[in-house]
1. May I ask you to evaluate 6.51 cos²θ - 1.76 cosθ + 1.60, the Karplus curve with θ = phi - 60°, for each residue of segment 120-134 and list the ³J(HN,Hα) values in order in whole Hz, giving x for glycine and proline?
2. Give the calculated FRET efficiency between GLU172 and GLN32 to the nearest 0.05, with a Förster radius of 22 Å applied to their Cβ-Cβ distance.
3. By counting other Cβ atoms within 10 Å of each Cβ, how are SER156, SER125, SER9 ranked from fewest to most?
4. Could you calculate the FRET efficiency of MET1 with LEU91 from 1/(1 + (r/R0)^6), where r is the beta carbon distance between them and R0 is 30 Å, rounded to 0.05?
5. What distance in nm lies between label points placed 7 Å from Cα along the C-beta direction at SER67 and ASN127?
6. Can you figure out the FRET efficiency of ALA48 with GLU134, using R₀ = 41 Å and their beta-carbon distance, to the nearest 0.05?
Amino acid sequence: MTQLLRNWSKGDPGARDALVPIVYDTLRRLAQSYLAGERNAATLQPTALVHEAYLRLVEQRTPGWESRAHFYAVAAQLIRQVLVDHARRRLAAKRGAGAVRVDLTDIADLPAPGPSVDLLLLNDSLNELMLMDERKGRAIELRYFGGCTESEIGESLAISVATVRRNLRTAEAWLGARLNA
């Protein structure tokens, strides 16, 4: 995969095309797991999320990929951008700003509301965290939007796995307090 990324960086469109089947399933599983926790995700399917993120990836002329971890870091940022853009469009929609119309006869069929995060508030909070400590913000982004393991995050950010764990714990605590405030 790393060699394909390097070839793509050198302008080889065949390398980009060969990369698609390798990363597609991983990105789709990541999108599916993220959207499963979203109450308002019914209008955005994992396939559409991955396709939109992939289109943004291939728009880059000479991406300069350094490694697999770097690729997934950029993919995580793009997935986050797609989700935030989708949430903003949904809120900006006329006639209810994204409200779901429910017939009273259908109330018994509705699932119990589960935990959900306001994606725009999460995005704003994550941006604020990155202003205070970019590495902690990137670690969260790689973990939750990129699906990276602690070792992949460490490789991408050039830090040890122990530091990754500390950064994630601290950032999760800060974001949790910010989102629950």
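Each value in this text was obtained by applying a stated rule to the coordinates, not by laboratory testing. Quick caveat: nothing in here was measured; it's all calculated off a predicted structure. In this analysis, Cβ positions are derived from the backbone assuming ideal geometry, glycine residues included, and neighbour counts consider all displayed protein chains.
1. Running phi through 6.51 cos²θ - 1.76 cosθ + 1.60 with θ = phi - 60° gives 5, 5, 4, 4, 4, 5, 5, 5, 5, 4, 5, 5, 7, 8, 4 Hz.
2. Values: r = 22 Å, r/R0 = 1.00.
Step by step, r from the Cβ atoms, then E = 0.50.
3. Working: SER156 24, SER125 21, SER9 16.
Going from least to most buried by this count: SER9, SER125, SER156.
4. On the way: r = 37 Å, r/R0 = 1.23.
So the FRET efficiency works out to roughly 0.20.
5. Calculated label separation equals 3.0 nm.
6. Values: r = 30 Å, r/R0 = 0.72.
About 0.85, to the nearest 0.05.
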